[in-house]
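Below: one structure, written as structure tokens.
The values are calculated or read from the model by the stated rules, or taken from the named source; none is laboratory data. These numbers were taken from a predicted model, which means no experiment stands behind them. Virtual Cβ from ideal backbone geometry, glycine too; neighbours counted across all protein chains shown. Calculation scope for accessible area: heavy atoms of the full protein, side chains included, ligands and nucleic acids excluded. Shrake-Rupley method; radii C 1.70, N 1.55, O 1.52, S 1.80 Å.
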Amino acid sequence: MQSDGRNRAVIESVKPELDSGRWPIKRVLGERVTVTADIFSDGHDLLSAVLRHRHKGSPHWTEIAMEPLGNDRWRGQFGVHALGRYEYTICAWVDHFKTWHRDLKRRIEAGQPLEVEMEIGARLIERCAERAEGHPADQMLAWSQALRSEMPVGEKVDLVMDSYLLMMLARHPDRSLGSTYDRTLEVVVDPPRARFSAWYELFPRSAAPEPGRHGTFRDVEARLPAIARMGFDVLYLPPIHPIGRKERKGPNNTLTPGPDDPGSPWAIGGPEGGHKAIHPELGTAEDFQRLVENAREQGIEVALDIAFQCSPDHPYVREHPEWFQHRPDGSVQYAENPPKKYQDIYPFDFQCAAWRELWEELYSIFEHWAGQGVRIFRVDNPHTKPFALWDWIIGRLKQRWPETIFLSEAFTRPRVMYRLAKGGFTQSYTYFAWRNSSHGLREYLTELTRTEVCEFLRPNFWPNTPDILNEYLQHGGRPAFITRLVLAATLGASYGIYGPAYELIENTPREPGSEEYLGSEKFEIRHWDLNRPDSLAPLISQLNRIRRENPALHANERLVFHNSSNDQILCYSKSSEDGANIILVAVNLDPWNTQGSWLGLDGAALGLDDHSRYQVHDQLSQERYNWTGLINYVQLNPYTLPAHVFRLRRHLRSEHDFEYFL
């Protein structure tokens, strides 16, 4: 159907908008959505535009006037104050009264006759009165009559310049020939922990305080105060389900397990049950619920690993053989990623004829654990399952529990990771573990924070995982662990560590060239001496305290990199939305040698110029320095502390002003 050719306003290049509106952008409670667009028309008439928004399902729109930025670009903002989804779009129209008012002022300045213009204005005000009701309409009619009266022209001019008149007319514009953007866009609103969080991963079976015993949920519960003191607010547990016996892996992923070897938690399922069951040596369902509730009382959410795969002993294999691929000999096809073989894992066949029944069952796994109080899920290898499955599961689950958070553990091609994020995953693992150079970090973080990617992918930075012990950590020792910890905790609003391996500086690979740990917890129970004097736990606690106390570190969009004369020194800053809180970080990326550098600071980002005098207060060492201008020098010894985490205080009153920046 042809649109009304009298709709002259054009709305283009709306941002943010993902893939022509196919996907929603992401925000958390309390954040604002800033929308910009190109809005213009033919000729020289002035336009007005409003940004419309509502919580999805509400019958009523709220409208906010958009402001022109110049060159036909317009901007509007709205806040999101409820979980779930919001809708937004734009309406624009040629504003005849605003155009008349502008031209009238020009005629006055030129000394031209105004009689005809006053009649035109009176008619515009009359039509506005027809759209209004009650007292405003009566007032407008009085104004229009005044413009037609014998009142002196000067008084008529004063009348039409009155701010109250202009405000009333703006409330009742003529939008009969307005244009509405041809798409309604959406934003998903998540809880604040979706944007800012610190994750701690541990294996419950290794949580026993004494060696030689299988850990339990009660042991994990006893660890909660220490985890809270370290400043973590998410406790992530690998799969807690029964583990299969058939094809069970032994230590270091060997094929010859002993009778007491526990196997891999990702080989899910046994005689005791499958994905909705709990490994009997960990405890009962009541023990798990108690852990979740106790953790929440201490400000910690328990995150549960969901891995859609089965051991050969899983009840699904026996009860639903149609859900799996079979080899020509009739046996079920185990997982492979040549040359790697995972004989203890059977993947689902998502293209099987019974895929609908399979999908329903997989959804019910999330539903089951959500019913047990879990609101955060880390999903194992989601990139090896259909995108449509995740779109459906996440969308359906968040309709019932909109506060649910999903972390995507997908180390794969960028487009695939981005598609998972667009389809609903709240946070995403990243390539951070393998970005160890100044150039690599700057380039990657710029992509994540300064491009469209920031509208849909929330990075979660992990310097290590049970699967990833990178070369930098293997060879860099304690300084490397501190460097990567500082980078993860300050570059990313959300980050995590696999502990206690991280705080105890576990860095021995299974063999040269491997990123697998020697004695990996994936295949055996470990006992950790948490009281070792070389533990990084105090430093981790300090960094997490710095993160909590500084709003600048609660988001990623205001990350700015600064110039450094030495590529081994990476310098960057973050600032709070109001600019009152600024954190400036300098990190030595060389774990073996002292490095120094002249820093060239971005004055516009920090609110400084060449003559500014200011103080930088290192939140790690508590040292304070008075700096002047935008060029200053730092030197970092990796064996003492390889990083400065400065809080910047502007406008020093005197050379001796070392007052605390509170």
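Some observations on this one:
- Surface composition of the chain: carbon and sulfur make up 49 percent of the accessible area, probe 1.4 Å.
- For the chain, the dipole from Cβ point charges (+1 on Lys and Arg, -1 on Asp and Glu) about the Cα centre works out to 100 debye, to the nearest 20.
- 3J(HN,Hα) along region 336-348, derived from phi through the Karplus expression 6.51 cos²θ - 1.76 cosθ + 1.60 where θ = phi - 60°, amounts to 9, 9, x, x, 6, 10, 10, 5, 8, 10, 10, x, 6 Hz, with x in place of Gly and Pro.
- Shape analysis of region 356-477 based on the Cα gyration tensor places the equivalent ellipsoid semi-axes at 29, 16, 13 Å, largest first.
- Here region 62-221 is assigned +1 on the Cβ of each Lys and Arg and -1 on the Cβ of each Asp and Glu. Its dipole about the Cα centre then comes out at about 580 debye.
- Cα convex hull volume per residue for region 211-284 (Å³): 120 Å³
- Share of Cα-Cα pairs in region 339-412 lying beyond 14 Å, as whole percent: 66 percent
- For region 503-519, 3J(HN,Hα) computed residue by residue from phi via the Karplus equation (6.51, -1.76, 1.60; θ = phi - 60°) reads 5, 9, 6, 6, 9, 9, x, 4, 7, x, x, 9, 9, 7, 6, 6, x Hz, glycine and proline entered as x.
- DSSP-defined antiparallel bridges as percent of all bridges, the chain, nearest 5: 75 percent
- Ordering of 350-363, 407-420, 625-638 by burial proxy (mean other Cβ atoms within 10 Å per residue, highest first): 407-420, 625-638, 350-363
- For the chain, the relative contact order is 10 percent, taking Cα pairs closer than 8 Å that sit 6 or more residues apart in sequence and dividing their mean separation by the residue count.
- In region 1-155, taking the dipole from charged Cβ atoms about the Cα centre, the farthest positive-side position among Gly134, Val33, Ser48 is held by Val33.
- Region 94-160: proportion of alpha-carbon pairs further apart than 13 angstrom, %: 62 percent
- Nearest 10 degrees, 0 to 90: helix 438-450 Cα axis against the chain principal axis: 50 degrees
- Each label point was placed 7 Å from the Cα along the Cα-to-Cβ direction; for Ser565 and Thr628 their separation is 1.7 nm.
- Region 239-375: C-alpha gyration tensor shape, a/c 1.5 cut-off, then a/b vs b/c: oblate
- Span from the region 30-54 Cα centroid across to the region 212-258 one, whole angstrom: 53 Å
- For region 156-300, the gyration tensor built on C-alpha atoms gives a prolate shape. Its axis ratio a/c (a ≥ b ≥ c) is at least 1.5, and a/b is the larger of a/b and b/c.
- Normalised by the number of residues in region 64-147, the mean separation of alpha-carbon contacts (under 8 Å, six or more apart) gives a relative contact order of 17 percent.
- Note, ³J(HN,Hα) from phi for region 256-266, Karplus 6.51, -1.76, 1.60, rounded to Hz, x at Gly and Pro: 10, x, x, x, 9, 5, x, x, 8, x, 7
- For the chain, the longest principal axis of the alpha carbon atoms and the long axis of helix 115-131 meet at an angle near 50°.
- Scaling the Cα radius of gyration of region 504-608 by the globular reference 2.2 N^0.38 Å produces a ratio of 1.45.
- Considering only His611, Asn544, Asn563, the residue lying farthest towards the positive end of the dipole of region 542-662 is Asn544, judged by Cα position with unit charges set on Cβ.
- Dipole magnitude of region 145-201, debye to nearest 20 (Cβ charges: Lys/Arg +1, Asp/Glu -1, about Cα centre): 100 debye
- Cα gyration tensor shape of region 539-662, rounded if a/c is under 1.5, else prolate or oblate by comparing a/b with b/c: rounded
- Three semi-axes describe the equivalent ellipsoid of the chain; taken as square roots of 5 times the Cα gyration tensor eigenvalues and ordered largest first, they are 56, 34, 20 Å.
- Each peptide in 442-451, 516-525 gets a packing score, the mean of other Cβ atoms within 10 Å over its residues, and the list from highest to lowest is 516-525, 442-451.
- For the chain, the solvent-accessible area works out to 44 Å² per residue, with a probe of 1.4 Å and every protein chain left in place.
- Part-to-part distance (alpha-carbon centres) for region 64-105 and region 459-481, which is given in Å: 48 Å
- Value of [θ]222 nm, deg cm²/dmol, for the chain, DSSP H segments ≥ 4, -39500 (n - 2.57) each, nearest 500: -9000 deg cm²/dmol
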